[in-house]
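Below: one structure, written as structure tokens.
All of the numbers you see were taken from the coordinates with simple rules; none came from a lab. Computed from a prediction, not measured in an experiment: that's the story for all the values here. When we count neighbours, we look across all protein chains shown, and the Cβ atoms used for this are built from the backbone with ideal geometry, even at glycine.
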Amino acid sequence: MTYNEALEKIHSLNKFGSRPGLDRIKRLLSDMDNPQDCVSYIHVAGTNGKGSVCAVISSVLKSAGYKTGLFISPFITDFCERIQINSTPIPHDKLSELAEYVFSFVEKLNKEDIIITEFEFVTALCFEYFKREKVDLAVLETGLGGLLDSTNVIKQNLLSVITSISLDHTDILGETIEEIALQKCGIIKPQCPVVSGEQSEAAARVIKNSAIRNHSPLLFSTDISLSVVDEDLSGTELEFNNIPLKLSLIGEHQVQNARTALAALAVLTKDTDIRISEDAMKEGFANAINPARFEVLSDSPLIILDGAHNADGMQAFSKAVKKYTPNRKRVLLMGMLSDKDSLKSAQYIEGLFDCAFTVPVSNPRSRSSEDMAIILKNHIEVVTPCSTPKEGLEKAFDKANETGADLFICGSLYLAGELRPLILKK
């Protein structure tokens, strides 16, 4: 099986199961001799900030000398980014080999009318890869929610981390913060320590109650002392326990994510045998990368790519735009999925941009560029819908060059993944 054949076959699997639950993934993993039980995990759930928190934790653990697995979603430019060891994506040939192995079990289950989804398949493949490569531990990001997420089959959980919770995927996870928080708290295991990022009062209450029920010690990141020394478009200089830390990630929200990662690392060194030196902490922070999170891709014109795709993400994005590019002309390129709260998200960009270009996202759930333009016209005077992301990028790029403006791209990680390589080629 070639790499492209493996990808095509993986993507042909159903996106969602006939019913929610862990029965299918448990059966698949049982047939595979439960590879997930061979590794210890840091399990991360939440609405916003999961990717950045995972990036920092895994980078620091790698710098501390641990062979560290990382499972994230979605990818930005290459499918193999989803499964990494020591910051290196799984090689294409290795993914092909493992895909063929996992499909041998999937096809047997098909005969029993047990239909494995794409995310369940990739999760199982990830577990098998980490087992074969004998990682010391792995950082595991949930795909959706927590309680019924395929990653929640793990038993060897060193730590559960819950990042900021807000309204997203309400059709699946619930329509209130409390309902969504309860789903995220499903990753909390009995007597396993929990770290929480900064939360609303409603979410914090649910997390506290879940921790109490599970007899799990809980630490909120707000209890971690972290100060900002300096910040600009090159990154953020921090100080933690008199240790200077340089973070390439940009924005006030990334400071909160760094605080959550530090809380997680503090718990790991306190409650486990993991040891992290000051030098490893510095190196890990400096090397932590999370593409498409207020990422500067060009200086002339200034092009910033951000995967903000819900209201809270757009609020953080707009704060960063105001803070790092004051008194500048700005052009926006934006596309969103139809199941995201585009109306509320668009409110945060009021008065920030001189003009905008809207594009469809290369995803079946995409909102049309025409619909997106109608929404943005309530907040930006000149909005031009474009038929493809590439066309939108060309027009927005030309406009930024003509007017001496900065170009910002946001609305979807899928859009970011499609446009990032095109921008880097310019």
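In the chain, helices alone account for a calculated mean residue ellipticity at 222 nm of -13000 deg cm²/dmol, with every DSSP H run of four or more residues adding -39,500 (n - 2.57). Of all lysines in the structure, those lying under 18 Å Cα to Cα from Lys108, and not within fewer than 8 positions of it along the same chain, are Lys9, Lys26. Residue pairs exceeding 21 angstrom between C-alpha atoms, taken from Lys50/Lys208; Lys15/Lys155; Lys15/Lys340: Lys15/Lys155. Within the same chain, aspartates and glutamates fewer than 8 places from Lys270 are excluded, and of the rest, those with a Cα less than 19 Å from its Cα are Asp136, Asp223, Glu278, Asp279. Ordering Val56, Val106, Val321, Val229 from the fewest to the most neighbouring beta carbons within 10 Å gives Val229, Val106, Val321, Val56.
Legend: calculated FRET efficiency, Asp279 to Glu5, from the Cβ-Cβ distance at R0 = 60 Å, rounded to 0.05, equals 0.85. By definition, a body whose alpha carbon gyration tensor gives a ≥ b ≥ c is prolate when a/c is 1.5 or more and a/b is larger than b/c, and the range 56-114 fits this prolate description. For the chain, the orientation-averaged shadow of the C-alpha convex hull comes to 19.7 nm² (one quarter of the hull surface). For the range 295-425, a/c is less than 1.5, where a ≥ b ≥ c are the root eigenvalues of the C-alpha gyration tensor. That puts it in the rounded class. Spin-label pair Ile374-Asp113: with each label point 7 Å from Cα along the Cα-Cβ axis, the two points sit 4.3 nm from one another. With the cut-off at 1.5 for a/c, could you classify the range 81-163 from its C-alpha gyration tensor as rounded, prolate or oblate? Oblate, since a/c reaches 1.5 and b/c is not below a/b. Modelled spin labels at Asn209 and Lys322, positioned 7 Å past Cα toward Cβ, are 3.4 nm from each other. Partner aspartates and glutamates whose Cα lies under 17 Å from the Cα of Lys282, excluding those fewer than 8 positions away in the same chain, are identified as Asp230, Glu231, Glu237, Glu239. Using 7 Å Cα-to-Cβ label points, what is the Asn287/Gln191 separation (nm, one decimal)? The modelled label-to-label distance comes out at 3.5 nm. Treating the angle as unsigned and between 0 and 90°, give the value, to the nearest 10°, between the Cα long axis of helix 413-425 and the longest Cα principal axis of the chain. Around 60 degrees separate the two axes. Would you give the gap between the C-alpha center of the range 330-407 and the C-alpha center of the range 224-288, rounded to a whole Å? The range 330-407 and the range 224-288 have Cα centres spaced 34 Å from each other.
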